[in-house]
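The structure under discussion appears below in the form of structure tokens.
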Amino acid sequence: MGSFLESWNDAHKKVILFSGVFDPVHKGHIAIAEEAYKIHGGTVVFLPERVPHHRDVNHKNNPTSYAHRLKMLNIATAGSEHLKVLDYPADQHWIQETFTWLGEKFPDRKLAWLVGDDVVDMIAEWPNADKMPELNVDTLIVANRFDGTYTPPLSGTVAGVNVVSMNSKFRYMESRFIRQDMLRRHTSLPDGLWQYIQEHKLYGV
């Protein structure tokens with residue numbers, strides 16, 4: 001009984017980091033976050049990056065302003081008790097600095113990192129990835145966004161952190177495709193975002 005309560009409490013307390021550019025946030029992002037919450041519990045924290053590390057060729061030098069991306073995330077998650085948006089003060093998300101900051105926000109909670117299957121194999125090479133266990137990160141949740149065939153490493157860990165995978169029914173949805181054809185693809189946006197985009201004349205609308 002004690003171990004069951006312990007597991008339940010750990011899940012209830014877990015904070016799942018979902019970091020990205022979110023330009024714009026779309027239904028696929030929300031579906032992945034909801035699935036992570038459904039499986040792992042806790043709170044999913046969206047953390048938009050102020051200055052993107054990388055962009056597709058046609059967009060890398062002109063991302064939508066951070067203020068707009070932050071506002072759209074707040075609209076997309078409005079009314080949810082388990083989806084939160086935080087305003088991270090640094091320009092980019094480096095592992096040690098970001099998880100140190102997040103740990104200070106949530107000092108009594110285990111941390112997890114929600115990532116796409118297109119980046120998980122690179123994480124071990126990123127600066128300070130090996131420090132994740134020290135930073136209270138105990139799980140990498142890998143969202144299979146494309147063919148749903150991702151297989152975790154044979155060891156079941158990346159940089160000393162346990163890896164679990166999950167599928168998403170929106171695995172083919174990407175922000176860049178929505179940006180490129182907003183008038184036709186705006187139905188891929190969460191409620192309220194199309195109105196916001198029109199009001200602020202974003203994405204060439």
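The values are calculated or read from the model by the stated rules, or taken from the named source; none is laboratory data. These figures come from a predicted structure and were not determined experimentally. Cβ placement follows ideal geometry from the backbone for every residue including glycine, while neighbour counts extend to all protein chains displayed.
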Picked from the range 158-194 (must be hydroxyl-bearing (S, T, Y) and modelled with pLDDT of 90 or more), the residue nearest to the chain's Cα centre (by Cα) is S188
Filter the range 181-205 for residues that are of a type in the set (V, I, T) and not in a loop (DSSP other than H, G, I, E, B); the one that is surrounded by the fewest Cβ atoms within 10 Å (Cβ to Cβ) is T187
Residue check for P24: in contact with a Leu (Cβ under 6 Å, 6 or more places away or on another chain) and either among the basic types (K, R) or modelled with pLDDT of 95 or more (or both): no
For the range 130-139, does any single residue satisfy the condition of being exposed (fewer than 13 other Cβ atoms within 10 Å of the Cβ), at pLDDT 95 or above and under 17 Å from the mean Cα position of the chain (by Cα)? no
Would you say V51 is on the phi < 0 side of the Ramachandran plot and touching an Asp or Glu at 6+ places or on another chain (Cβ under 8 Å)? yes
Count of residues meeting criterion [over 13 Å from I141 (Cβ atoms) and not β-branched (V, I, T)] in the range 27-50: 9
